[in-house]
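Peer 1: This is the structure, below, for whatever I ask next.
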Amino acid sequence: MEPAKKIILAVTGATGMIYVLKFLELLRDKNIEIHGIISDAGRKVLRLEMNMEHQSLPGVSRWFDCHDFTAPMASGSCHYDSMVILPCTAGTLGSIASGISGNLIHRAADVSLKERRPFLLAVRETPFNKTHLKNMMSVHDAGGIICPPMPSFYSKPQNIDEMARNFSGRICDQLGITVEGVKRWKGVDHDF
Ligand SMILES: Cc1cc2nc3c(=O)[nH]c(=O)nc-3n(C[C@H](O)[C@H](O)[C@H](O)COP(=O)(O)O)c2cc1C
C-alpha cells in the first residue's frame, strides 16, 4: 500500500462537477485523507449539475468553510502533500495569480505555492481572454500546474462518465497518485 497522503480538494463554481465525482471515485480505497473546501458558487453549480450537496460527495474526510481562515490549510505549518482545484473558475485563478487571499481556497493556494507543494488548477473557461492567459502564466511561473479539463478521444470513451474518469486520472497522475480504471495510450497497434 502507498504511504498515507493528505491532500486538499477545492471545488469552485465552474462547470464540470462530474470530474469531482470521478476524481473521488478514483481515490476510493486509497490511503489518502482528503480535506475539502467548496466556494459558495461551487455549492450552487454542484446542485445545478449533479443535484448534490457537497457533504454527500464520497471520500472527503472533512469539509472546511471557505470563509474560515482558522482552518489548518490556512497555514504552511500544517502539512499537506498536494492541492487540487477542480474545477477552477477564472475568478479563483485571478485571485491566486494576484496573491489575493480573499477566501480559504485562495489562501490555501497561496500556501501551497509558497511551500512549493504540488498544486494543480483545472482551470475551466472558454474561450480564454488575455487576462486568463496572463493569470495562467503567472500561476505557472509561481509553480502551479495548469491542467484545464480537456478530455482525450483516442481511447474512444463510450460515455461521459468514462471521459470524465480518464481526465480525472490525468490529475491523479500529476499528483503522483497511482490509480486503476483509466485508459492509457499504448501505441497504435494495441487495444486499450
Ligand atoms: C452554471 C454555471 C456555470 C459556470 N461555469 C463557469 C466556468 O466554467 N468558468 C468560470 O470561470 N466561471 C463559471 N461560472 C461563474 C462562476 O461561478 C462565478 O464567476 C463565481 O463568482 C466564481 O466564484 P468562485 O471562483 O469563488 O467559485 C459559472 C456559473 C454558473 C452558474
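Read-outs throughout are calculated quantities, based only on the coordinates presented, and are distinct from any laboratory measurement. Note that this is a predicted model, so its numbers are computed, not measured. FYI the Cβ positions are ideal-geometry reconstructions off the backbone, even for glycines, and counts take in every protein chain you see.
Peer 1: Among the listed pairs 114/183; 5/114; 44/134; 44/130; 134/183; 6/156, which are separated by more than 30 Å between their Cα atoms?
Peer 2: 114/183; 134/183; 6/156
Peer 1: Enumerate by residue number the trypsin sites (Lys or Arg not before Pro) in the range 1-77 meeting two conditions: DSSP loop (anything except H, G, I, E, B), and at most 15 other Cβ atoms within 10 Å of the site's Cβ.
Peer 2: The qualifying sites are 28.
Peer 1: Here's another thing I want to ask about it. Could you list which residues have their amide H under 5 Å from that of residue 123, counting only those 5 or more apart in sequence or on another chain, with H placed in the peptide plane?
Peer 2: Those lying under 5 Å, H to H, from residue 123 are 88, 147.
Peer 1: Also, I was wondering about something else. Run the quick spin-label model on residue 48 and residue 141: label points 7 Å from Cα toward the beta carbon, then report their separation in nm to one decimal.
Peer 2: With each label point 7 Å from Cα toward Cβ, the separation is 3.3 nm.
Peer 1: Just flag the GluC sites (Glu not before Pro) in the range 125-192 sitting in loop per DSSP whose Cβ has no more than 15 other Cβ atoms within 10 Å.
Peer 2: 180
Peer 1: Indicate the helices, whole DSSP H runs only, in the chain that combine a mean Kyte-Doolittle hydropathy of -1.0 or more with a Cα extent along their long axis of 24 angstrom or more.
Peer 2: The qualifying helices: there are none.
Peer 1: Please give the calculated 222 nm ellipticity per residue for the chain, where each DSSP H segment of at least 4 residues contributes -39500 (n - 2.57) and the sum is spread over every residue; nearest 500 deg cm²/dmol?
Peer 2: For the chain, the value works out to -10500 deg cm²/dmol.
Peer 1: Just add up the charged neighbours of residue 168: K/R +1, D/E -1, any other residue whose Cβ is under 9 Å from the Cβ of residue 168.
Peer 2: So the surrounding residues net to +2.
Peer 1: Sticking with this structure for a sec: For the chain, which semi-axes, largest first and in whole Å, follow from the square roots of 5 times the eigenvalues of its Cα gyration tensor?
Peer 2: The answer is 25, 19, 17 Å, longest axis first.
Peer 1: With a cap of 11 neighbouring Cβ atoms within 10 Å, and only residues DSSP puts in a loop, list the GluC sites (Glu not before Pro) found in the range 12-88.
Peer 2: 53
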